[in-house]
Structure formats: structure tokens, C-alpha cells
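Below: one structure, written as C-alpha cells.
Just so you know, all these numbers are worked out from the coordinates, no wet-lab data involved. On a predicted model such as this, the values are computed, not experimentally measured, just so you know. In this analysis, Cβ positions are derived from the backbone assuming ideal geometry, glycine residues included, and neighbour counts consider all displayed protein chains.
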Amino acid sequence: MLLAATTCAALGSLGVGWAMGVGGSRDSDLSAPSDYVTSRQHLEHGLSAADAVRSGTAWMDHGVLVAAQASDPEASNGRPGIRLDIEVKGASAADGGFLASTWQADLAQGVIAERLAGDSGNLADTIAEAHIEFIDETGDRSEIPSGVGDLEPGQRFGDPAITDDQARAALTAAAEKFGLTVLEARILHPLDRAAYVVVELPDEHALDGKFEALRHALLHDPKAFEGLYLEVRGPDGTPLARGSVAFRSGAGRIWQAPSYADRSGVAHG
């Protein structure tokens, strides 16, 4: 089964729209690799494929990663880089429940690409094929569209002098300005920081037309996080929207409940 949240192809432009796609097709006429921040850092790179996969997935939450491996891509692919297969597990695929796990796989792809980069000026040249498989709580498997976009290596997201406690406090403060209750604000460390945020609405219409504004407020400008998972729940705890972005791989996904999709203000892909 192929699972896809609302997406559209958006190579290198994920920061502009929320309902953006995964990876995108490579083309010799594409413009230079994109960046989301101007700050750069020296990262350990040029690792073997096996070491890059090991390093790139070591940070993932316990119980999410099932397996990850690198191999040679199909000969007909015609692109440089490895084939990357990642299996993750999580809750039911219904109501977008797969996004929390696939977000971590998207982040891991970016870390692996960075570790493989070497002298390459484009992360897309490190992974020729990327495949994510999601396994739900019943054992059912679903294929998730995946890939790495044209992106500059070595981007630094956020201020390394900021502590995780300060980053969580900033996330909470940003959400509370929208009148939301923060149920969870976690910091993960793929390379820099990534944020996992779950909020609850005081009433069904509290965030009408403001989903995109909330996303921007949480990410800051320049972007303080290399990725964001955002889950919005209604007053009764029912998920209304789940969205994720991973800037090092150029992947963005969103799921919206039918009752909320026309009110969120998010463009439909």
C-alpha cells in the first residue's frame, strides 16, 4: 500500500509552503542547491555508506527504527549515490498517525546525506534512491514516498549556545501566543535540533486560517530547527492536523482531518 499525506513536488522550496512534497525529480536544468539558513558548520563527512547509516539513525527514538541499510541503486537510475532503505514503525496509519515515525526517517535521510557528502556541493548527489516503509501496530506495511532534494550541505540550524530547555520554552511561548495548550514539546538531535510539538485547541475554530502562521512562529526566522513535527488536536483530543518538515532532506508532509482541511488555511497539494 502506498501512503501519502497531502504533498506536491517542491524541490528546494519547502520553506515557502507547508504542504510540500518529498525530494522531487532531479534534472540537469535545475538551479543551484537550495539553503534555508546562511550559517554553515563543518560536519563529519565522507563516511562509508554503512557508517553513515549507523551514525544517521543512532539518534532516533527507541522503538521507531526497525531497520536501515544502504545498497547499490538500480543500474537504470542514472543518479550518483546509494540506495537507502529505512523501515520504521508506529501507531495506526489512520488519521495521519504514520507521520511521527516517517518524520524521523526523513530527518535521518538528511543526516545520512550529510555524512556521505564528502566534497559534493549537493546533498541530492549522495542518495540516488530512498525508500521508507512504515509498519503499523498490526504489522501492516505501507510504502511512503521519499527522496532527498537539491540542498546545500553543512547548514547550521539554530544557535548552538541555546540550551534544549530554552528551545522548549521558546516553542511553548510561540504556541501560547495563539491561545493553544502545549501538550508536548520535545527536542531531538539528528545533527542540530529538531522539534516535536503537540498542541490542543481551546475551541474548534481557534486556529482557523492560522496553521501556517503557527508553523512559522515555531520554526522562527532564520530557522531554529532542522525539522518540525506539529500535531494539532481539537478540544476533545482528536487529531485535526499533523505535519512534518525535514530541511536536510527536503521532505514535507501533512495530513488534515476532512472537518479541518477547509479551515486550516493550508494550501492543498
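Whole number please: convex hull volume per residue, Cα atoms of the stretch 49-144, in Å³. Provide the component values of the computation, followed by the final result.
On the way: hull volume 9.2 nm³, N = 96.
Dividing the Cα hull volume of the stretch 49-144 by its residue count gives 95 Å³.
Ranking Val198, Leu99, Val148 by Cα position along the charge dipole of the chain, where only Lys, Arg, Asp and Glu carry charges on their C-beta atoms, puts Val198 farthest toward the positive end.
Entry for the chain at q = 0.09, 0.15 Å⁻¹: log10 I(q)/I(0) = -0.37, -1.08, Debye formula applied to identical alpha-carbon scatterers, no solvent contribution. As a size descriptor, the averaged projected area of the C-alpha convex hull of the stretch 174-269 was calculated at 5.9 nm².
About its Cα centre, the chain has a charge dipole of approximately 320 debye under the convention of +1 per Lys or Arg Cβ and -1 per Asp or Glu Cβ, with nothing else charged.
Would you mind putting 170-179, 250-259, 97-106 in packing order, based on average other-beta-carbon counts within 10 Å, highest first?
Working: 170-179: 16.9, 250-259: 23.3, 97-106: 26.7.
Packing order, densest peptide first, comes out as 97-106, 250-259, 170-179.
Taking 28 Å as the straight-line reach from the Cα of Lys177, the lysines in range (excluding those fewer than 8 positions away in the same chain) are Lys210, Lys223.
With n ≥ 4 as the cut-off for DSSP H runs, can you work out [θ] at 222 nm for the chain, using -39500 (n - 2.57) per run divided by the number of residues, rounded to the nearest 500?
Details: 5 runs with 53 residues, N = 269.
Rounded to the nearest 500, the figure is -6000 deg cm²/dmol.
Taking every DSSP beta bridge that has both ends in the stretch 162-238, the antiparallel portion is near 50%.
Helix 99-116 and the longest principal axis of the C-alpha atoms of the chain enclose an angle of approximately 30°.
For the stretch 77-204, just say rounded, prolate or oblate: build the C-alpha gyration tensor, square-root its eigenvalues into a ≥ b ≥ c, call rounded for a/c under 1.5, and beyond that prolate if a/b exceeds b/c, oblate if not. Write out the running numbers ahead of the final one.
Values: a/c = 2.79, a/b = 1.31, b/c = 2.14.
Cα axes put the stretch 77-204 in the oblate bin.
How much net charge surrounds Ala105 when only the other residues with a Cβ under 13 Å from the Cβ of Ala105 are counted, with Lys and Arg +1 and Asp and Glu -1?
Cβ neighbours under 13 Å give a net charge of -3.
Counted residue by residue at 0.36 nm each, then reduced by the alpha carbon distance between them, the extension gain from Arg186 to His205 reaches 4.3 nm.
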